[in-house]
Every structure is written in C-alpha cells, then in structure tokens.
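Chemist: Let me begin by handing over the structure; questions about it come next.
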Amino acid sequence: MIRFDQVSKLYAGNTRPALNSVSLEILRGEFVFLVGASGSGKSSFLRLVLKEENPSSGQIHVLGQNLGKLTNRKVPYFRRNIGVVFQDFRLLPQKNVFDNVAFSLQVIGKSKGFIQEAVPDVLKMVGLAGKSGRLPHELSGGEQQRVAIARAIVNKPSILLADEPTGNLDPATSAGIMTLLDRISGSGTTVVMATHDAGIVDTMKRRVIELVSGQVVRDERQGGYQTHAVPIQRQEPPPAAAGLGSRL
Amino acid sequence: MRLGLILSEVGHGLRRNFSMVVSIVLVTFISLTFVGAAILLQQQINQMKGYWYDRAQVAVYLCTQYDEGGNCNAEEATAQQKANIEQVLKSAVLAPLIQHYDFEDHEAAFARYQKQFAGSEGTSFVTPDFLPETFWVNLKDPSQSDAVVERMSGVPGVEDVVDQRKYLQPIFNALNAASITAVGIAGLMLIAAVLLIATTIRLSAFSRRRELGIMRLVGASNRFIQTPFVLEGVVAALIGSALASGAIVAVVQFFVQGYLNATPSSTPFVDLGDAFIVVPILIVGGAGLAAISAAVAIRRYLKV
C-alpha cells in the first residue's frame, strides 16, 4: 500500500535531513501511528505520501504507483485515492457542513445525484446526520473534525492520512474521533495517523512507527507511545538513539 | 454541473474584486483603442498610397526662355530637343517602365495653372511662356521612378525632372509617426493591462487560497482549478475589448465618415468596412492576452 525504500528528504537550506534513509512498508487495512517529537519528520512523511514533496533520494510507492514517475498532471487523480485530515480541520467557513463535504466531490467532477446520495451517507457515518445545515463556526471542535473526516472519506479513499487530528481536542472528544477512525480502518481503509497523544496510542494497541530526527527508531506491532520492547536493532546506532535511550 | 460550478466561481471572483475588474476593463479599453487606432492609421496610409501613387506622375519640365538651371541656357527647348526627349521616353530602356505619357504645352499648362490658382494674386502676372512645357509620365510601377528621373535629367532641353511622389512623402511620414506613437502608447498600456490582470488574478487566488488548498488536497485537476481564474481575466478583458471596438467604430462612423469625409477633398478615408476588420482583432487579442497572463499568474497556485 505504502512503501518507502531508503527515502531521505533534505529541505533546501537545512544541513540535517527531515527524513534520513527511511525504509518501511504499510499494508492494506493497517492502522499505523506515527509518533515522535515535533520536527522528527512525521509531517514530512505524510507530505511525501501525498506527493506534496519529492524525496531527495530513495523511492516511494503508494497504491502501486512509483511516485517518482508520477507526472504532475496525474498527481490530482492520484490524490483522489487518499483522504487527508489535519489538526486545524481546514473547513471553508462560509459553507455549511453539507457543502463543505460536497465541495470536495464537486471539484473532482462528481454528479449532483452522486453528491446528494454520498454526502448524507457519510455525514450519518461520522455522526453528524442532523447538522448538515450548520456552518463550521456553529460546531464544536470535535464536530468540525468529524466534518473534515467526512470530507476526507466521502470519496472512499484507500488511504486516510491524519496529521494530529486530535491535537486541538480534549481527551473525551479525541476518544470519539479515534472510535470513528477505528471504524474507518475496520472497513478496509489504511489509516496513517501522526500524533503526540500518548494516551490514544497506548489504548489503541496498533502498529507504532517512531521517528527521531528523521530516522525510524521503532516499528512495533501493538505498541504503546513509549516502548517496552527492544527497539529496532541497527548496525550503527544513530547519534539520536543516545538521546532516546536517556529519555527511556 | 461542472460548468455551472465554474461559472458561479467566476461570478464570485468578479464580484469580490469589483474595483480591480473595473480597472482591468478601463486599461484594456484604452490600450486596445490605441491598438485599433494604429491599425486604422496603417489602413489609411495604405489606402492613400494606393490612391495617390496611381495618380502620381513624373514631370519632365522643359526649358523656357527664362530658365538657366538644368540643361537650359535661357533658351526655349527646340522642336528637335522635344523630339529627342520623346525618343528617349520611347527607348528600349525606359519604354518598359512607362505606362503612358502626355505632352502639355504652354497653353495647356497656363490653363491648368489658372484653374488651380484661381483667385490668388499672382495669376495676373503669369503668362503662358513662363510655364514650362511638360511631359507627364505615368509609370507602371511608381517605385521605379528613379530610373526615369536619372535618365531624363541629362537630356538637352530638360530643365528638371520631378517625381510627384516626393510631395506625398511628408504626409505619409506624419501618418506613420502618428501610427508608431499609437503603437507605442498601446504597447505601454498593454503591459499595464497584463500586469494588472496578473495582479488581480493573484489577489483573487489569494482570497480563495483555502478553497484552492482543499481543491488540491482532494485531487481537483489543474484545469478545473485554473479555469475560473482564467475566465475571470478573460471576461474583464472582453468587456474592455468590446468598449474599444465600440470606440473604434464610433470614431470611424462619426469622425472619419461624418466629419472628414464631409470636407471637400478627393482623399479616400477608411470606412466602416475597415473598422469591422479591426474589431475581431481587438476582441481576440484582448481575450487572448488576458487568458495568457491569467494562466501564468495562477500557475504558482497549481504547483502540486
């Protein structure tokens, strides 16, 4: 589904790479937490999957496509298979809930009939059935994030990327969002979620990939936010591993 | 569905940037009016050239008893000299260039002079023998007059050889200068128009950057994102070109045809037929320019 081969990303003007020789594979239907401190490369990872950035070196395959060989003209069509959710929701403030979700279908040329059917369905699934006429500012943070999730999945993407979707929400609301994401994952969608929220990661018991300074230091099935198992063994432990060790 | 969506986006954009759109309309209006004026001036020049060059002749003035310049010796050209001159005009060198020629004697020249300068004071002093006898030569190709002038100047009994085209040249120079000035102003204004369109489209895109971000995220194609902005520029420019076309047609109808053509002169002027050739050039040119500058301006927002 998503495969990184020796992927490095160096932003111009930086000496330290945002991602350093990352190799990993995420399979269909997996639910993966991407954890690590700010600046550890989580967002860069998600941007690379979306082809918002190109890697400095290495190969990325997403949905069977080699992103390095994907032409700019095809990128929009590639993105129709990937849903994205952000910490700051990114809703259109002047459009109501229905129109916000419908907008993402309109701009990819879906028919009116399809939109009239798909949008109420997805709103019902995220638990906003009665609120389709509300404007974003009339909703709570959790509800706004549900709208954003509805928008991301209304086109039935194979992959859902979530960049700290609970970052702005209180724990109870976050739990609700996680239940929703879990349900989406259960229906076969691959979910990759970058997060800082230790509580969520610990309760969900899913695959955890930990990044430190752009390197994968842990890839654990049913892991917690902090590991109790032995981290990935490397031939040459990166310098940052010392910092990790002291933190543990 | 998609067309309706795109058009509603265009309408939104135009309303949101109303003042900028008005300025685009005005600037394209003025610049394209100058473009149209320059084209009309060129058409006018061509028309006058065609008209006058057909009528322009090379005059071979013969000596009178008062002339001392040229090949004259203050002696009237003799009958033998005239015969010789005619011989040269019929010679193998010049004959192919010449369509036909007429001889004008003293009396005919005097009659023409009196008619041309009727009422002016000098006419009463002039007698027929002051005015030179003349061979009026019509050329097949007026631009080859140099050969005739050169050949005839040296012939005995010829006082002077004058190509009438040279009297027209200053008029064409003035019209050309006016035309170049119009092109220059049009060029500057068009640059302003292009920059204005680009700025307006950027502003428009900036005010819709949330929508653009989401469009890119959910996989709207570049063409879909781009089209409303390009159309926005094109609509504004089309209004400007329509106004410019109206101005050009009005100028031709009311000033050229209504005023200039009413004055007594034999000069032909551009007519509405010429103006209607200019209109499509302005419309297509204005719309094309707007489309290109808007498309370039929006490119930054399409980077995937």
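The values are calculated or read from the model by the stated rules, or taken from the named source; none is laboratory data. What you are looking at is a predicted structure, and each value in this text was computed from that prediction instead of being measured. Neighbour counts are summed over all protein chains in view; Cβ atoms, including those assigned to glycine, are modelled from backbone coordinates with ideal geometry. Areas reflect the complete protein model, heavy atoms only, side chains present, ligands, DNA and RNA absent. Shrake-Rupley method; radii C 1.70, N 1.55, O 1.52, S 1.80 Å.
Chemist: Rounded to whole Hz and in sequence order, give me ³J(HN,Hα) for the stretch A:73-82 from the Karplus expression 6.51 cos²θ - 1.76 cosθ + 1.60, θ = phi - 60°, writing x for Gly and Pro.
Modeler: In residue order, the calculated couplings are 5, 8, 4, x, 5, 4, 5, 5, 8, 10 Hz.
Chemist: Could you work out the Kirkwood radius for chain A, taking every pair of different alpha carbons, averaging 1/r and inverting it, reported in Å? Please list the in-between numbers first.
Modeler: Values: mean 1/r = 0.0530 Å⁻¹.
That comes to 18.9 Å for chain A.
Chemist: Nothing charged except the Cβ atoms of Lys and Arg (+1) and of Asp and Glu (-1): what's the magnitude of the dipole of the stretch A:75-179 about its Cα centre? Round to the nearest 20 debye.
Modeler: The calculated dipole for the stretch A:75-179 is roughly 420 debye.
Chemist: Could I ask something else about it? Choose one of A:Ile177, A:Ser140, A:Pro76: the residue whose Cα lies farthest towards the positive end of the charge dipole of the stretch A:69-186 (beta-carbon charges +1 Lys, Arg; -1 Asp, Glu; about the Cα centre).
Modeler: A:Pro76
Chemist: What is the magnitude of the charge dipole of chain A about its Cα centre, with +1 placed on the Cβ of each Lys and Arg, -1 on the Cβ of each Asp and Glu, and no other charges, expressed in debye to the nearest 20? Kindly include the intermediate steps, with their values, before the conclusion.
Modeler: Numbers: 30 positive and 21 negative charges, 154 e Å.
Charge dipole, chain A, about its Cα centre: 740 debye, nearest 20.
Chemist: Here is a further query. By the scheme Lys and Arg +1, Asp and Glu -1, what is the net charge of all other residues having a beta-carbon under 9 Å from that of A:Gln222? Write down the numbers at each step before the final one.
Modeler: Numbers: positive: A:Lys205, A:Arg206, A:Arg207, A:Arg221; negative: A:Glu220.
Around A:Gln222, the charge tally is +3.
Chemist: With everything on Cα atoms, drop me the angle between helix B:79-89 and the longest principal axis of chain B, reported from 0 to 90° to the nearest 10.
Modeler: Relative to chain B, helix B:79-89 is tipped by roughly 30 degrees.
Chemist: Sticking with this structure for a sec: What does the accessible area of B:Asp141 come to, in Å² to the nearest 10, when a probe of 1.4 Å is used?
Modeler: 60
Chemist: Does anyone have the angle between helix B:165-207 and the longest principal axis of chain B? Alpha-carbon axes, 0 to 90°, nearest 10?
Modeler: Between the helix axis and the principal axis of chain B, the angle is about 0 degrees.
Chemist: Report, to the nearest whole %, how much of the accessible area of the protein assembly as shown belongs to carbon and sulfur atoms, 1.4 Å probe, protein only.
Modeler: Numbers: 15230 of 26900 Å².
C and S fraction of accessible area: 57 percent.
Chemist: For A:Gly58, list long-range residues whose amide hydrogen, built 1.01 Å from N in the peptide plane, is under 5 Å from its own amide hydrogen.
Modeler: Correct list: A:Ser8.
Chemist: Taking each residue of A:72-79 in turn, how many C-beta atoms of other protein chains fall within 10 Å of its C-beta, and what is the average?
Modeler: Working: counts 4, 4, 2, 5, 13, 2, 2, 6.
Taking the mean over all residues of the peptide, I get 5.
Chemist: Then there's this: Computed FRET efficiency, Cβ-Cβ of B:Ile6 and B:Ala262, R0 30 Å: what is it to the nearest 0.05?
Modeler: Values: r = 50 Å, r/R0 = 1.66.
Approximately 0.05, to the nearest 0.05.
Chemist: Using amide H atoms built in the peptide plane, which far-off residues or other-chain residues are under 5 Å from A:Gln215 H to H?
Modeler: HN-HN under 5 Å from A:Gln215: A:Asn20.
Chemist: Then there is this: Do the alpha carbons of any pairs in A:Lys69/A:Lys131; B:Lys90/B:Lys166; A:Lys69/A:Lys124; A:Lys156/A:Lys205 sit beyond 31 Å of each other, and which pairs?
Modeler: Values: A:Lys69/A:Lys131 42 Å; B:Lys90/B:Lys166 24 Å; A:Lys69/A:Lys124 38 Å; A:Lys156/A:Lys205 25 Å.
Distance filter (> 31 Å) returns A:Lys69/A:Lys131; A:Lys69/A:Lys124.
Chemist: Put +1 on the Cβ of each Lys and Arg and -1 on the Cβ of each Asp and Glu in the protein assembly as shown; which of B:Gln99, B:Phe254, B:Gln47 then has its Cα farthest toward the positive end of the dipole?
Modeler: With unit charges placed on the Cβ atoms, the residue in question is B:Phe254.
Chemist: Placing unit charges on C-beta atoms (Lys and Arg positive, Asp and Glu negative, everything else neutral), compute the dipole magnitude of the protein assembly as shown about its Cα centre in debye, rounded to 20.
Modeler: Result for the protein assembly as shown is approximately 4940 debye, rounded to the nearest 20.
Chemist: Would you be so kind as to identify which of B:Ser293, B:Gln169, B:Thr227 lies farthest towards the positive end of the dipole of chain B, taking Lys and Arg as +1 and Asp and Glu as -1 on Cβ and the Cα centre as origin?
Modeler: About the Cα centre, the residue reaching furthest to the positive side is B:Thr227.
Chemist: Please provide three numbers in whole Å: the alpha-carbon extents of chain B along the principal axes, with the largest listed first.
Modeler: Ordered largest first, chain B gives principal extents of 98, 43, 29 Å.
Chemist: Hey, got the average number of other protein chain Cβ atoms within 10 angstrom for residues in A:46-52?
Modeler: 1
Chemist: A further question follows. Taking 0.36 nm per residue of sequence separation and subtracting the Cα-Cα distance, how much length would be gained by fully extending the chain between A:Lys95 and A:His137, in nm to one decimal?
Modeler: Contour length minus the Cα-Cα distance gives 14.1 nm.
Chemist: For the stretch B:208-235, list whatever residues lose no less than 10 Å² of accessible surface once every protein chain is in place, relative to that chain by itself, with the probe at 1.4 Å.
Modeler: Buried on complex formation: B:Arg210, B:Glu211, B:Ile214, B:Met215, B:Arg216, B:Leu217, B:Val218, B:Gly219, B:Ala220, B:Ser221, B:Asn222, B:Phe224.
Chemist: Please list 3J(HN,Hα) in residue order for the stretch B:283-292, calculated via the Karplus relation 6.51 cos²θ - 1.76 cosθ + 1.60 where θ = phi - 60°; whole Hz, with x for glycine and proline.
Modeler: So the Karplus estimates, Gly and Pro as x, are 5, 5, x, x, 5, x, 4, 5, 4, 5 Hz.
Chemist: Sorted by accessible area with a 1.4 angstrom probe, largest first, how do B:Glu133, B:Glu68 fall? Write out the running numbers ahead of the final one.
Modeler: Numbers: B:Glu133 15, B:Glu68 145 Å².
The most accessible residue leads, giving B:Glu68, B:Glu133.
Chemist: How much accessible surface area, in Å² rounded to 10, belongs to the heavy atoms of B:Arg210 with a 1.4 Å probe?
Modeler: 130
Chemist: For the pair A and B, how large is the buried accessible area, both sides, in square angstrom to the nearest 100, if the probe is 1.4 Å? Don't jump to the answer; show the numbers that get you there.
Modeler: Values: alone 12250 and 16560 Å², together 26900 Å².
Summed over both sides, the interface buries about 1900 Å².
Chemist: Residue by residue, what Karplus-based ³J(HN,Hα) values in Hz, rounded to whole numbers, does the stretch A:219-225 have, using 6.51, -1.76 and 1.60 with θ = phi - 60° and x for Gly and Pro?
Modeler: Running phi through 6.51 cos²θ - 1.76 cosθ + 1.60 with θ = phi - 60° gives 9, 10, 6, 6, x, x, 5 Hz.
Chemist: Give the accessible surface of the stretch A:42-115 per residue, rounded to a whole number of Å², with probe radius 1.4 Å and ligands, DNA and RNA excluded.
Modeler: Values: 3140 Å² over 74 residues.
Per residue, the stretch A:42-115 has 42 Å² of solvent-accessible surface.
Chemist: Mind listing the long-range amide H neighbours of A:Ala162? Cut-off is under 5 Å, sequence gap 5 or more, other chains count too, H placed in the peptide plane at 1.01 Å from N.
Modeler: A:Val85, A:Val192, A:Met193, A:Ala194
Chemist: In the stretch A:86-135, what residues drop by 40 Å² or more in accessible surface going from the chain by itself to the full protein assembly, probe 1.4 Å?
Modeler: When all protein chains are present, A:Leu92, A:Phe103, A:Gln106, A:Val107 each give up 40 Å² or more of accessible surface.
Chemist: Heavy-atom accessible area of A:Thr203 with all protein chains present, probe 1.4 Å, nearest 10 Å²?
Modeler: A:Thr203 has an accessible surface of roughly 110 Å² with all protein chains in place.
Chemist: How tilted is helix B:209-218 with respect to the longest principal axis of chain B? Cα atoms for both, answer in degrees (0 to 90, nearest 10).
Modeler: The angle comes out at about 70 degrees.
Chemist: Could you sort B:240-252, B:154-166 so that the peptide with the highest average Cβ count within 10 Å comes first and the rest follow in order? Mind showing how you got there, number by number?
Modeler: Numbers: B:240-252: 20.8, B:154-166: 17.8.
Most protected by this proxy first, the peptides run B:240-252, B:154-166.
Chemist: In square nanometres, what is the average projected area of the Cα convex hull of the protein assembly as shown?
Modeler: Details: hull surface 163.8 nm².
Value for the protein assembly as shown: 40.9 nm².
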